[in-house]
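Step one of this worksheet: look at the structure below.
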Amino acid sequence: MKIPFLDLGAAYRELKPNIDDAIRRVLDSGWYILGPEVEAFEEEWAAFCGAGHAVGLANGLDALTLALRALGIGADDEVIVPSNTYIATWLAVSAVGARPVPVEPDPTTHNIDPDLIEAAMTAKTRAILPVHLYGQPADLDPILSIARKHKLAVIEDAAQAHCAEYKGKRVGAHGDVVCWSFYPGKNLGALGDGGAITTNRADIADRIRLLRNYGSREKYVNEIQGTNSRLDPIQAAVLRVKLNYLEDWTDRRRTIAGMYQEGLADTGLILPHVPNWAAPAWHLYVVRTQDRDVLQTELATSGVGTLIHYPIPPHMQKAYEGLSIDADTLPLASTLATEVISLPIGPQMSQQSAGHVVGTLRNLR
């Protein structure tokens, strides 16, 4: 049995008639920039996330960057970021001229450790940017408490956390602004790039609407220096179709994750730890082992596809050599990069395939 890490076409095949109809609706409308399709998705996504506002954008990186800009964060400011994350989290901070200040993860969840945040803060700190890594919520209450104490903004990177819950409430409106990616491989994925922010703050939503459209509400009238970062109506239409299935698809992911948690419990792998206050979206199912590279090769030979999230942490990338961060100062992020491996998971993956992954791993261990 061949099991790919992810079959992007499977979601389209499952919903093909509905998606084709949605795309045709946009093509027939003659409205190809913003407009009613994007507005409808924004309303539906805000409601799903329990937020007052949503603003559709071109991609997840733009969501992070424009959120920082909307909050006035820029040159000479510092933003607390996880040391263990995809580089986009850091790139957004750099894009506005600020400095990313990394904080190590909790060793059990791989998310930013709230207990380490205050020690990393300086007089230049303006915001905390937690990531809900792998679809597991970061521990938001202590982060929000620190932010209130020091009058800092909280910008959540929820690119992997569609439908995740923190203490019984969906991720989407805990911090000042929550940033989303709809990259095709995400739990709610478009057929190309897409992104959004959600927030309960009308001022942030209004500012980001300006920023995404050249700083303009009215054609040829520009209030601020904006950019071009608009969610495409065709992608919005596709997302509206998929949103109707997101809860069911998340339940399917949780079923597979449950099979992995039970079936791999005694294999010697370090399995994901889920706090009792978290309901992960299971964008990724990530395990740890010191013989990761050997295991990945063995799984590939057995027909099981895997990926590494992420093989090089941001502080070890050439892009950030200018920060002169010694890898020894961020030992856990450096170690995770050598030990983590992501197993196949997705809503179109069958329980039979998941069982095959479990059986293959048990035979290899």
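The values are calculated or read from the model by the stated rules, or taken from the named source; none is laboratory data. Computed from a predicted structure; not experimentally measured. Neighbour counts run over all protein chains shown; Cβ positions are idealised from the backbone, glycine included. In case anyone asks, the SASA skips ligands and DNA or RNA and just uses the protein heavy atoms, side chains included. Shrake-Rupley method; radii C 1.70, N 1.55, O 1.52, S 1.80 Å.
For the reader, a short list of remarks on this structure follows.
- Residue check for residue 333: part of a helix (DSSP H, G or I), open to solvent by less than 70 Å² (accessible area, probe 1.4 Å) and free of Cβ contacts under 8 Å to residues at least 12 places away in the same chain: no
- Test result for residue 172, on the phi > 0 side of the Ramachandran plot, in contact with a strand residue (DSSP E or B) (Cβ under 9 Å, 6 or more places away or on another chain) and in contact (Cβ under 8 Å) with a residue 40 or more places away in the chain: yes
- Each residue in region 140-174 was checked for being open to solvent by less than 10 Å² (accessible area, probe 1.4 Å) and either of a type in the set (Phe, Trp, Tyr) or more than 22 Å from residue 283 (Cα to Cα) (or both), and 4 pass.
- Contact map, region 302-330: first residue in contact (Cβ under 8 Å) with a residue 12 or more places away in the chain, second residue of a type in the set (Gly, Ala, Ser) and part of a loop (DSSP other than H, G, I, E, B), Cβ cut-off under 6 Å, separation 6 or more or different chains; pairs are 330/83.
- Residues of region 179-203 classified as surrounded by fewer than 23 Cβ atoms within 10 Å (Cβ to Cβ) and over 18 Å from residue 134 (Cα atoms), total: 8
- Among (1) in a helix (DSSP H, G or I); (2) out of contact with any helix residue (DSSP H, G or I) (no Cβ under 8 Å at 6 or more places or on another chain); (3) surrounded by 15 or more Cβ atoms within 10 Å (Cβ to Cβ), the one test that residue 260 misses: (2)
- Residue 213 satisfies every condition listed in (1) within 20 Å of the chain's Cα centre (by Cα); (2) touching a residue at least 60 places away in the same chain (Cβ under 8 Å); (3) over 25 Å from residue 14 (Cβ atoms) except (1).
- For residue 34, the requirement of being open to solvent by less than 20 Å² (accessible area, probe 1.4 Å), of a type outside the set (D, E, K, R) and modelled with pLDDT of 95 or more is not met.
- Any chance residue 58 is over 17 Å from the mean Cα position of the chain (by Cα), open to solvent by 10 Å² or more (accessible area, probe 1.4 Å) and of a type in the set (Gly, Ala, Ser): no
- Any hit, region 7-15, residues being touching a residue at least 12 places away in the same chain (Cβ under 8 Å) and farther than 28 Å from residue 342 by Cα: no
- Within region 282-333, no residue satisfies the criterion of being farther than 30 Å from residue 99 by Cβ and at pLDDT below 95.
- Some residue of region 67-83 being β-branched (Val, Ile, Thr), closer than 28 Å to residue 328 by Cβ, modelled with pLDDT of 95 or more and surrounded by fewer than 22 Cβ atoms within 10 Å (Cβ to Cβ): no
- Matching entry among 107, 137 (being outside any strand (DSSP E or B), open to solvent by 10 Å² or more (accessible area, probe 1.4 Å) and either within 24 Å of residue 281 (Cβ to Cβ) or aromatic (Phe, Trp, Tyr) (or both)): 107
- Selected residue (only one of 345, 312, 341 is surrounded by fewer than 18 Cβ atoms within 10 Å (Cβ to Cβ) and either in contact with an Asp or Glu (Cβ under 8 Å, 6 or more places away or on another chain) or not in a helix (DSSP H, G or I) (or both)): 312
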